[in-house]
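Single-structure report; data block below.
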Amino acid sequence: ATYKILLLPGDGIGPEVAGEVSKVLAWFTRAGIARFETETDLVGGAAIDAHGVPLSEAAMDRAKAADAVLFGAVGGPKWAGVPYAKRPEAGLLRLRKDLGLFANLRPAICYPALAEASALKRELVEGLDIVIVRELTGGVYFGEPKEIVTLEDGQKRAVDTQVYTTGEIERIAAVAFDLARKRRNKVASAEKHNVMKTGVLWKETVTRLHAEQYSDVGLEHVLADNCAMQLVRNPKQYDVLVTDNLFGDILSDVAAMLTGSLGMLPSASLGAVENGTRRALYEPVHGSAPDIAGQNLANPIAMIGSLAMALRYSFGLVEAADQLESAITRTLASGTRTRDIASPGTNAVGTSEMGDAIVRELQAQ
Ligand code: NAI
Ligand code: MG
């Protein structure tokens with residue numbers, strides 16, 4: 001099969017880390033493991049400079065036609081003055097909205113060679129590999145009413161509303177269960193049914209979907225506050241962790257701190273299944289890092305790890321994904337470090353040397 005990828009490098013270090021992904025894709029094609037048809041387009045500030053908008057209609061159409069979008073990063077001081085609706089970030093928001101990306105997947109992987117960079121003790125995080133599945137388009141960030149009103153006595157009153165429908169809960173839970181089947185077959189669902197009606201419905205709906213369609217997958221319910229504690233106490237007990245927008249925002253930041261550098265964290269955003277494929281965008285968690293852009297200093301592992309997620313979750317190329325992740329692990333184990341993950345006073349390699357080293361490890365397998 002041929003897999004259609006739209007590569008949107010974006011701004012700052014985006015094009016540098018995207019370049020390393022292209023090297024990896026070229027290797028997979030050369031090795032005869034899979035064929036990729038890759039198109040490249042502009043997004044963010046680069047698109048503003050060329051077309052006056054952060055994402056052209058043509059790029060949006062290409063995104064819809066692709067099996068997966070690989071996104072670098074957008075933004076930078078050059079576009080700080082542009083009006084809100086036309087900011088570089090609006091390009092990403094448009095992609096999320098028009099592709100209907102309701103599920104955000106944030107893995108927390110702790111490479112053994114980097115365990116000392118974690119906020120936790122080595123034995124707690126070494127080999128850690130969990131994925132947080134966060135609901136992205138519902139919940140308290142979007143629910144109505146959402147307002148601040150002035151009361152008769154002069155006080156103000158602020159209201160945010162947490163809303164979830166069974167349909168919204170079912171589709172995010174289905175993403176988590178499907179994901180677990182491609183991993184260690186275990187889901188933990190975090191909510192607060194003890195104090196929230198949305199928590200009651202969340203737990204009920206996940207339980208029912210599990211019984212009806214996913215009884216082969218392990219399921220555990222956990223209160224979100226306890227979950228935060230468990231993530232710090234013993235994160236390796238989890239495989240896939242599914243939760244709502246607000247709790248997911250917090251729990252994924254907790255999980256990120258278990259792993260070390262921002263330059264190491266990949267992510268995926270998934271949408272509805274259309275014509276047999278699930279809409280998907282893969283991107284590093286980090287931004288465009290203007291402070292180091294154009295200097296061959298960026299760590300490409302978050303971006304290359306995002307490609308590994310695309311191989312696994314969009315294309316079903318599980319073996320290729322395993323190969324790529326193990327190439328990253330072995331590259332780090334050999335001591336190769338970009339500046340952000342190198343110990344002070346030790347030698348660091350550049351962006352392209354890190355990409356080359358990973359391709360060499362792929363070749364050596
Ligand atoms: P940032 O993630 O770009 O950078 C934060 C710090 O981490 C910087 O010191 C940077 O040098 C370092 N860093 C980030 N990625 C790295 C990598 N791959 N290798 C080595 N070091 C790395 O976040 P910041 O500085 O808050 O934002 C910079 C720009 O990026 C802003 O315009 C912001 O709006 C945009 N941004 C874009 C995102 C996206 O495209 N999804 C996400 C976050 C920020
Ligand atoms: Mg956050």
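The values are calculated or read from the model by the stated rules, or taken from the named source; none is laboratory data. Source: prediction; values computed, not measured. Neighbour counts are summed over all protein chains in view; Cβ atoms, including those assigned to glycine, are modelled from backbone coordinates with ideal geometry.
Number of residues in the range 138-158 that are of a type outside the set (D, E, K, R) and either touching a Leu at 6+ places or on another chain (Cβ under 9 Å) or part of a loop (DSSP other than H, G, I, E, B) (or both): the value is 8. Condition first: β-branched (Val, Ile, Thr), within 10 Å of ligand 1 (Cβ to nearest atom), at negative phi and modelled with pLDDT of 95 or more. Can you find one or more residues in the range 339-352 that meet it? Yes, that holds for at least one residue.
One line per residue, one yes/no per condition, for (1) touching a helix residue (DSSP H, G or I) at 6+ places or on another chain (Cβ under 7 Å); (2) in the same structural domain as residue 284 (by TED's automatic domain parsing); (3) over 19 Å from residue 45 (Cα atoms); (4) touching a residue at least 12 places away in the same chain (Cβ under 8 Å):
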{"site": "82", "(1), (2), (3), (4)": "yes, yes, no, yes"}
{"site": "98", "(1), (2), (3), (4)": "yes, yes, yes, yes"}
{"site": "103", "(1), (2), (3), (4)": "yes, yes, yes, yes"}
{"site": "118", "(1), (2), (3), (4)": "yes, no, yes, yes"}
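Any residue at all in the range 325-339 that is in contact (Cβ under 8 Å) with a residue 24 or more places away in the chain, touching a Pro at 6+ places or on another chain (Cβ under 9 Å) and not aliphatic (A, V, I, L, M)? Yes - at least one qualifying residue is present in the range 325-339. Only strands (runs of 3 or more DSSP E) whose full extent lies in the range 181-261 are considered here, and the ones with at least 2 residues that are modelled with pLDDT of 95 or more and touching a Phe, Trp or Tyr at 6+ places or on another chain (Cβ under 8 Å) are 186-191.
The residues of the range 163-191 that are under 30 Å from residue 127 (Cβ atoms) and basic (Lys, Arg), listed by number, are 181, 182, 183, 184, 186. From the list 301, 292, the lone residue that is crowded, with 23+ Cβ neighbours inside 10 Å, over 12 Å from the mean Cα position of the chain (by Cα) and β-branched (Val, Ile, Thr) is 301. Of all residues in the range 237-276, those that are farther than 25 Å from residue 207 by Cα, more than 16 Å from ligand 1 (Cβ to nearest atom) and in contact with a Leu (Cβ under 8 Å, 6 or more places away or on another chain) total 2.
When the range 277-289 is limited to residues that are within 16 Å of ligand 1 (Cβ to nearest atom) and under 18 Å from residue 176 (Cα atoms), the one that is farthest from the chain's Cα centre (by Cα) turns out to be 280. Of the candidates 7, 92, the single residue that is within 16 Å of ligand 1 (Cβ to nearest atom), crowded, with 20+ Cβ neighbours inside 10 Å and closer than 28 Å to residue 167 by Cβ is 92. For the range 123-137, check the following and say yes or no: at least one residue is more than 30 Å from residue 336 (Cα to Cα), in a strand (DSSP E or B) and within 16 Å of ligand 1 (Cβ to nearest atom). For the range 123-137, residues more than 30 Å from residue 336 (Cα to Cα), in a strand (DSSP E or B) and within 16 Å of ligand 1 (Cβ to nearest atom): present. Quick check on the range 270-277. Is at least one of its residues part of a helix (DSSP H, G or I), of a type in the set (Val, Ile, Thr) and away from ligand 2 (no atom under 16 Å from the Cβ)? No: zero hits. Of 61, 67, all but one fail to be more than 16 Å from ligand 1 (Cβ to nearest atom) and either surrounded by fewer than 15 Cβ atoms within 10 Å (Cβ to Cβ) or more than 24 Å from residue 278 (Cβ to Cβ) (or both); the exception is 61. Can you confirm whether residue 314 is of a type in the set (S, T, N, Q) and surrounded by 15 or more Cβ atoms within 10 Å (Cβ to Cβ)? Against the criterion (of a type in the set (S, T, N, Q) and surrounded by 15 or more Cβ atoms within 10 Å (Cβ to Cβ)), residue 314 qualifies. Only a single criterion out of (1) touching a residue at least 24 places away in the same chain (Cβ under 8 Å); (2) within 12 Å of ligand 1 (Cβ to nearest atom); (3) farther than 24 Å from residue 360 by Cα is not satisfied by residue 302, namely (3). Kindly evaluate residue 257 against the criterion of being within 12 Å of ligand 2 (Cβ to nearest atom) and either over 26 Å from residue 64 (Cα atoms) or over 15 Å from the mean Cα position of the chain (by Cα) (or both). Yes. Going by what's in this entry, would residue 284 be described as within 25 Å of residue 115 (Cα to Cα) and touching a helix residue (DSSP H, G or I) at 6+ places or on another chain (Cβ under 9 Å)? Criteria met by residue 284.
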